[in-house]
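> Right, I'll just put the structure down here and ask away after.
The values are calculated or read from the model by the stated rules, or taken from the named source; none is laboratory data. Worth saying up front: this structure is predicted, and the values here are computed from it rather than measured. In this analysis, Cβ positions are derived from the backbone assuming ideal geometry, glycine residues included, and neighbour counts consider all displayed protein chains.
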Amino acid sequence: MEAQTPSPPSLKAKVFIVEDHPLIREGLTLLIGNESDMTVCGSAGSPQEALEAIKQSNPDAVKEYNYLNAFKAFQSLLSGSGLS
């Protein structure tokens, strides 16, 4: 019998979603989850909820809905957390 070569590990980008509307958050999770090169590693409904979860899940990217005030608040929280 011929030895089989193991298949290479799957290299998927880990994405964390920050979105306050549950239906939008669920839709983004489904859309990103259906991509062959991405996986959702977590989600949160607010920047405050996201901070600790992002530290623990160590995502490659964070997708947040870009409301100007929420975006500024999120940037402010990240800058004080050592994650930026």
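> For the stretch 17-37, how many residues meet the condition of being in contact with a strand residue (DSSP E or B) (Cβ under 7 Å, 6 or more places away or on another chain) and either over 15 Å from GLU49 (Cβ atoms) or of a type in the set (Ser, Thr, Tyr) (or both)?
Counting residues in the stretch 17-37 that are in contact with a strand residue (DSSP E or B) (Cβ under 7 Å, 6 or more places away or on another chain) and either over 15 Å from GLU49 (Cβ atoms) or of a type in the set (Ser, Thr, Tyr) (or both) gives 5.
> Name the single residue that is surrounded by the most Cβ atoms within 10 Å (Cβ to Cβ) among those in the stretch 42-67 being of a type in the set (A, V, I, L, M, F, W, C) and in a helix (DSSP H, G or I).
Checked the stretch 42-67; the qualifying residue surrounded by the most Cβ atoms within 10 Å (Cβ to Cβ) is ALA50.
> Could you figure out which of (1) more than 27 Å from SER76 (Cβ to Cβ); (2) at pLDDT below 90 isn't true of GLU49?
(1)
> To continue, here is another question. For GLU26, state whether it is modelled with pLDDT of 90 or more, surrounded by fewer than 18 Cβ atoms within 10 Å (Cβ to Cβ) and part of a loop (DSSP other than H, G, I, E, B). Before you say what the answer is, go through the steps one by one.
Working: modelled with pLDDT of 90 or more: yes; surrounded by fewer than 18 Cβ atoms within 10 Å (Cβ to Cβ): yes; part of a loop (DSSP other than H, G, I, E, B): no.
The answer is no for GLU26.
> Return the pair list, or none, for Cβ contacts closer than 6 Å from residues in the stretch 4-23 that are closer than 13 Å to CYS41 by Cα to residues that are modelled with pLDDT of 85 or more and exposed (fewer than 10 other Cβ atoms within 10 Å of the Cβ), at least 6 apart or on different chains.
Note: pairs meeting the criteria are LYS12/ASP37.
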